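Colleague: I am attaching a structure below and will ask some questions about it afterwards.
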Amino acid sequence: MPSQSRDPKATKAKKTLPPRVNRGQLAIYAVLFAGVIIAVGPFLWMISASFMTLSEVNLTRLLPENLLWENYATALRRANFLDIELTTDPTSGILQSIGISGYLWNSLRITLISVSGSLVVCIPAAYAFARMDFIGRNFIFALFLSTMMIPGIVMLIPHLLTVIWLGRLSESLFGPAGAWFNNWPALTIPFFASVFNIFLLRQFFIQIPNDLWEAARIDGAGHFKFLRSVVLPLSKAPIMTIVTLGFIGSWNALMWPLLVTINDDWRPIAVGLSNFVTADTPGDLNLQMAASVITVIPILILYFVAQKQFTEGIAQTGIRG
Amino acid sequence: MNRHRATDIPRLGFFDTRRGRIVLENLTAYVFLAPAGLLIALFGLFPVAFAFFVSLHRWRRFPDHYNGLANYEKALGNLAYILFFWFALAAFALAALMIRRVLRALRESDSPTESLNLLSGLVCGYVALLVLDWFFKLIPAIMLIPRQVRGQNTSLELFMAKLGESFAMPEVLAAGNLMILGLLIAIGVTALTAWFFRSARSNDLIVWSAFATTLIVSGVFLLQLTLTEIRAALDAARESGEALPIWSQLVFVSAGVILIALAWRIFQRGINAQENRRFTLMAFSGLTLAVGGYLLMAELPAALAEADDDLLQGFWVTVMYAFGTVPVQLSVGLALAYLLFQPIRFRAFFRMVYFIPYITPFVATSIVFRVMFDAGKTAPANRVLSLFGIEPQRWILERNSIGELFGLPDFLAGPALALVVIMIYSTWTYIGYDAVIFLAGLGNIPGELYEAARIDGASGWRIFRHITLPMLSPTVFFLSLVAIIGTFQAFTQIWILRTGAVGSKVNTASVYIFDELQNSNRYGYASSMAFVLFALILLMTLFQNRVMGRRVFYA
C-alpha cells in the first residue's frame, strides 16, 4: 500500500508542538480522564476488594482496612488454581518428584502448546501466500478467508464429533495417552491453523522488499533458508502480535473447553474460574475477586510488555479489514 | 559458492532448468501450506458441510436416523419449509448469474473452440457432487466406530477393521465406484481440453461452469427435499384431520417479502428522481410497503406458530442486544478517538488504558460486573444510584424489562434489566477497541484535506461532518460488521452474568443452542438451529453490505 501515513509519525510530529493548555483542552483532558476512570475503575475496585473481608465487600468499601493477603492463598487453594506437591523420599528426605496441577498450570500448558503450534503452522502458510507463486494460490487463499465468516456455533458440533473420532483413532495408535477428548489435543489442535494469523502475517511478509529475496537467492538460499534467516528476524512485531492474541485467546476460551473437558486434568482457567464462581453463589465475593485478579495478572503483564506492537498490529488489521 | 558450482558442472539437474524451478516452487509452496491446509480443511471447511448433514438427522451423540427437515421444522415451524424453498431458488439464481458470466465471456471470445472448456467445468462440478455423495454415505458408519470400539480393548487393528467394514458397505461401495469413475473421467476431460483448447480465459470458464453445475444440482436437491418434506407434512396433517396451510403461507410470506424489497427499490429510485416523478414513486413505494408489511404481519406469526419459542426469544434477545450495544459503542468509541486525535499529551497512555478492558479475560471482568451489579442494597451499582436518590434495583436478578419498570405497555417493554447489565458490560469492553481502531483510521486521513477546509473557513463540526466522517466510513463499516457478528457470538459474558432468577430472558440464540447441546445432547437439533443462525448472519451481512456499503467512501 502506498499511502502509509502511519499514526506514530503523526504523533511525533505533533509532540514537537508546544501544547497550549486552554479551556477547550482542559475539557478534553477532563473527558479523557473520566474515560480512564470508567475503563479501569472496575479493575481497581476488583484489586481493592480482593484484599477485603467479606463484609467490607458487601458494604462496598472503597479500600480495605487491612490488606488480607491470605485471601489469595485461600483463593488459590479453594478454586484449585495451583497445587504443587513435592514428593520426598521418606528415609533420606531427597526431593523425588514435583507434581504441579491446577487450572493456572493447565492454562499455561495449553497456551504454550497452542501458541507455538499456531506459529509453526501459520508462518510457512503465510509465507507461501505472500512470497511464492503456485497454482491455485488465489483460490486457496479465498477459500481460507471464507472460513472466517462462519460463526463458531456452527462449527461446534462437527468439531466435537471430529475430535471424538480422531481421539479414538489416536487412542488405538498410542494408547490412553493419545486421547483427544479431555486432553490437550482437543483443546489446542483445532486452533493451530488460524486464518486470522495467516492473514496478518501475509500482509507483513508481502511488504518485505523483493531485493532481499533476489540477494538471498544469488547467495544460494532457498525459500526455507530465506524465511528462517531473513523474514523471521524482520517480523518480530507481527509475531509478537500473534503470540499476544493467541495467549489472550486461549486464556479466554470458555465455550469449547466446557464441551471437551470432563475433569480437572486439563481444564483451563476460564472454566475453573467460572465454575468456582457459579458454584459459590452468593459466596465469598472477596475470594472471587482474588481469583479474578490471579486470572488477569498474566494477561496484563503480557499486555504491558507487548503493548506497543500489539495495539499497532490490531489497528492495522482493523483498517485493512 | 553454488553459483560457481552451477557453472563448473555442465550437466544440470532437472530442478535447475526453468521448468524445473517452477515445479520446485510449486512443490515447496504446497509443502509450506500442507499443515495449515489440512487443519483448515478439517476444522474449517469440512465442518460446514458436516454440520448441515448432522442437522438433517436425529443425532444424539451418535447418528440415529435421517429425518429430513424435522429439526428445522421443530425450530422454525412452517417457516422452515418456506426458507428452504427460498434457498433452493437462491441456488438457481446464483447459478444463473454464473451462466450469464460464462455467456458474456463466450460472446467476447473469437475462437469457437473455447466453449469446449465448459465441458470440463460441467464434469468437474458434477464429480465434486459425487465425492460429497460418497462422503456423506460413508460418514454415519465412520462416526459410529467410536461407539463400537468403546469398552473393547482398543487396538489399531480393530479400528482399522471397523474402518474397512464401513468402506465396504454396499451403498458406500456403489457411491465410491461411481465417484472413482467420475474422477477418472473428469481428469481425462480436463487434461484433454487443457491440451487442445487452452486459452487465457479457460480457467475462469472452468471454475464458473463447475460452480454453476454444483449450484444447479444442489438447488434441485434442496427443492426436492423441501417438496418431499412439505408433501409428507401435508399427508400427516390430512390423516389427523387438521388443516396445514403451508402452501398459502409460502405464497403470502414470499409475496410480503418481495413487495417490501420492491418498495425499497422504488424508494431508492424516488430519492434520485426529479420532483414530479419523485412524489408518485414515493407514494407508490409507500403503498407497496404497506401491503407487503400487512401480508407479513398476517402470515408470519401463523407460519411461526409451531416454532421453538425459546429459539425465537433467543433471536429477539440477540436483536435487542445488538441494538443496545453496537450504536453506543461505536459512537462513544469514535468520540473518544476524536478527542485522542487532538494535539494532547499522554496519548499513548490513554490509548493503552482504554484498551485494557478488551484484552483482559472476559471471565474475570464479567465476575467483577456480577459483583458490582449485585441485587444487594449496598452493591456498588446501587450505591451509585442512591447518590442520585434512585431506589436500589435488582440488576442481574431482575427479569422484568426496563419498560415495565417505567410502567410502559408490554410491546415497548424492551430488554430485561439483567440483559441491560450485560449490554453495559459489552459496551464497556469494546469501546476501547473501537477507539483504537478509529484512532488509526483518523491518522490515515491526509492532513491536506483539513488544511483546505480550514482555508475555506469551515467550522469544527462541518469539518467533522463533511471530511472526517466520510473518510472514516470504511472503518465505521468494518467495525459495525465486526460488532454485529460479535453480538451473535457473545457467550462468556452471558454465561457468567446470567442467574437462575432471570431464566431464559438473557439467553441469546448462541447461548440457547449451546444449552441444547450441552444439557440435552441434541446434536442434530442444535446443528439445525446453528444453521438458521448462520443464515441470519449471512442475510444481515448482505443487507448491511447493500445498505451501508453504498455510503462507504473509499478514497
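Colleague: Identify the single condition in (1) in contact (Cβ under 8 Å) with a residue 24 or more places away in the chain; (2) within 11 Å of chain A (Cβ to nearest Cβ) that B:Phe534 does not satisfy, given that it satisfies every other one.
Modeller: Checking B:Phe534 against (1) in contact (Cβ under 8 Å) with a residue 24 or more places away in the chain; (2) within 11 Å of chain A (Cβ to nearest Cβ), the one that fails is (1).
Colleague: Which ones in segment A:245-267 are assigned to a helix (DSSP H, G or I) and either in contact (Cβ under 8 Å) with a residue 24 or more places away in the chain or crowded, with 22+ Cβ neighbours inside 10 Å (or both)?
Modeller: The answer is A:Leu245, A:Gly246, A:Phe247, A:Ile248, A:Gly249, A:Ser250, A:Trp251, A:Met255, A:Trp256, A:Pro257, A:Leu259, A:Val260.
Colleague: Tell me the residue from B:Ala435, B:Ala483 that is within 19 Å of B:Phe355 (Cβ to Cβ), at the interface with chain A (Cβ under 10 Å from one of its Cβ atoms) and either surrounded by 18 or more Cβ atoms within 10 Å (Cβ to Cβ) or not acidic (Asp, Glu) (or both), please.
Modeller: B:Ala435
Colleague: Output yes when any residue across segment B:277-288 is buried (at least 16 other Cβ atoms within 10 Å of the Cβ) and either under 26 Å from the mean Cα position of the chain (by Cα) or among the acidic types (Asp, Glu) (or both), and no when none is.
Modeller: Within segment B:277-288, none of the residues are buried (at least 16 other Cβ atoms within 10 Å of the Cβ) and either under 26 Å from the mean Cα position of the chain (by Cα) or among the acidic types (Asp, Glu) (or both).
Colleague: Among the numbered criteria (1) loosely packed, with under 12 Cβ neighbours inside 10 Å; (2) facing chain B (nearest Cβ under 9 Å); (3) touching a residue at least 12 places away in the same chain (Cβ under 8 Å), which single criterion is violated by A:Asn58?
Modeller: Going through the list (1) loosely packed, with under 12 Cβ neighbours inside 10 Å; (2) facing chain B (nearest Cβ under 9 Å); (3) touching a residue at least 12 places away in the same chain (Cβ under 8 Å), A:Asn58 breaks only (1).
Colleague: If you go through segment B:346-396, how many residues are surrounded by fewer than 17 Cβ atoms within 10 Å (Cβ to Cβ) and under 37 Å from the mean Cα position of the chain (by Cα)?
Modeller: The number of residues fulfilling the criteria is 2.
Colleague: Go through B:Ser120, B:Ser155, B:Ser111 for me and flag whichever is touching a residue at least 40 places away in the same chain (Cβ under 8 Å), over 30 Å from B:Ala305 (Cα atoms), over 31 Å from the mean Cα position of the chain (by Cα) and surrounded by fewer than 18 Cβ atoms within 10 Å (Cβ to Cβ).
Modeller: B:Ser111
Colleague: Taking A:Trp184, is it in contact (Cβ under 8 Å) with a residue 12 or more places away in the chain and either over 21 Å from B:Thr28 (Cβ atoms) or facing chain B (nearest Cβ under 8 Å) (or both)?
Modeller: Considered against the rule, which asks whether it is in contact (Cβ under 8 Å) with a residue 12 or more places away in the chain and either over 21 Å from B:Thr28 (Cβ atoms) or facing chain B (nearest Cβ under 8 Å) (or both), A:Trp184 comes out as yes.
Colleague: State whether one or more residues within segment B:522-530 are in the same structural domain as B:Ser331 (by TED's automatic domain parsing) and over 20 Å from the mean Cα position of the chain (by Cα).
Modeller: The answer is yes; a qualifying residue exists.
Colleague: Report whether or not B:Ala452 is under 30 Å from A:Pro42 (Cα atoms), in a helix (DSSP H, G or I) and more than 8 Å from chain A (Cβ to nearest Cβ).
Modeller: So B:Ala452 does not fit the description; no.
Colleague: Restricting attention to segment A:229-240, does a residue exist that is at the interface with chain B (Cβ under 10 Å from one of its Cβ atoms) and either modelled with pLDDT of 85 or more or over 15 Å from B:Ile359 (Cα atoms) (or both)?
Modeller: no
Colleague: In the list A:Ala270, A:Ala290, which residue meets the criterion of being in contact (Cβ under 8 Å) with a residue 60 or more places away in the chain, within 8 Å of chain B (Cβ to nearest Cβ) and not acidic (Asp, Glu)?
Modeller: None of the others qualify; the one that does is A:Ala270.
Colleague: A follow-up question, please. Filter segment A:25-50 down to residues that are under 23 Å from B:Thr378 (Cβ atoms), more than 9 Å from chain B (Cβ to nearest Cβ) and assigned to a helix (DSSP H, G or I), then give me how many there are.
Modeller: Residues that pass the stated criteria total 5.
Colleague: For segment A:132-147, what are the residues that are assigned to a helix (DSSP H, G or I) and facing chain B (nearest Cβ under 9 Å)?
Modeller: A:Arg137, A:Phe139, A:Ile140, A:Leu143, A:Phe144, A:Ser146, A:Thr147, listed by residue number.
Colleague: Next up: When you scan segment B:455-468, do you find a residue that is surrounded by 15 or more Cβ atoms within 10 Å (Cβ to Cβ) and touching a Ser or Thr at 6+ places or on another chain (Cβ under 7 Å), even just one?
Modeller: No - not one qualifying residue is present in segment B:455-468.
Colleague: It is to be established whether one or more residues within segment B:63-84 are surrounded by fewer than 21 Cβ atoms within 10 Å (Cβ to Cβ) and within 13 Å of chain A (Cβ to nearest Cβ).
Modeller: No, segment B:63-84 contains no residue that is surrounded by fewer than 21 Cβ atoms within 10 Å (Cβ to Cβ) and within 13 Å of chain A (Cβ to nearest Cβ).
Colleague: In segment B:42-51, is there at least one residue being among the aromatic types (Phe, Trp, Tyr), within 30 Å of B:Leu122 (Cβ to Cβ), modelled with pLDDT under 90 and surrounded by fewer than 21 Cβ atoms within 10 Å (Cβ to Cβ)?
Modeller: yes
Colleague: If you check A:Thr87 against the conditions, is it out of contact with any Asp or Glu (no Cβ under 9 Å at 6 or more places or on another chain) and assigned to a loop (DSSP other than H, G, I, E, B)?
Modeller: No: the conditions fail for A:Thr87.
Colleague: Specify which of the listed residues (A:Ser172, A:Ser194, A:Ser118, A:Ser114) is crowded, with 18+ Cβ neighbours inside 10 Å, within 7 Å of another protein chain (Cβ to nearest Cβ), touching a Gly at 6+ places or on another chain (Cβ under 9 Å) and among the polar types (S, T, N, Q).
Modeller: A:Ser172
Colleague: Further question on the same structure: Which residues, taken from segment B:105-131, are part of a helix (DSSP H, G or I), of a type outside the set (Phe, Trp, Tyr) and farther than 11 Å from B:Leu205 by Cβ?
Modeller: Across segment B:105-131, the qualifying residues are B:Arg107, B:Glu108, B:Pro112, B:Thr113, B:Val123, B:Cys124, B:Gly125, B:Val127, B:Ala128, B:Leu129, B:Leu130, B:Val131.
Colleague: While we're on this one: Could you please give the count of residues in segment B:365-391 that are within 23 Å of A:Met289 (Cα to Cα) and away from every other protein chain (no Cβ under 11 Å)?
Modeller: 1
Colleague: I'm trying to understand the selection: among the residues of segment A:148-164, which are over 28 Å from B:Ala483 (Cβ atoms) and facing chain B (nearest Cβ under 7 Å)?
Modeller: Result: A:Leu161, A:Thr162, A:Ile164.
Colleague: Pick from B:Leu222, B:Leu250: which is surrounded by 14 or more Cβ atoms within 10 Å (Cβ to Cβ) and over 24 Å from the mean Cα position of the chain (by Cα)?
Modeller: Selected residue: B:Leu250, the only one of B:Leu222, B:Leu250 that is surrounded by 14 or more Cβ atoms within 10 Å (Cβ to Cβ) and over 24 Å from the mean Cα position of the chain (by Cα).
Colleague: Would you mind finding the one in B:Leu33, B:Leu38, B:Leu27 that is modelled with pLDDT of 85 or more, crowded, with 21+ Cβ neighbours inside 10 Å and at the interface with chain A (Cβ under 10 Å from one of its Cβ atoms)?
Modeller: Only one candidate qualifies: B:Leu33.
The values are calculated or read from the model by the stated rules, or taken from the named source; none is laboratory data. What you see is a predicted model, and the numbers here were worked out from it, not measured in a lab. Cβ coordinates were reconstructed from backbone atoms using ideal geometry, including for glycine residues, and neighbour counts include every protein chain displayed.
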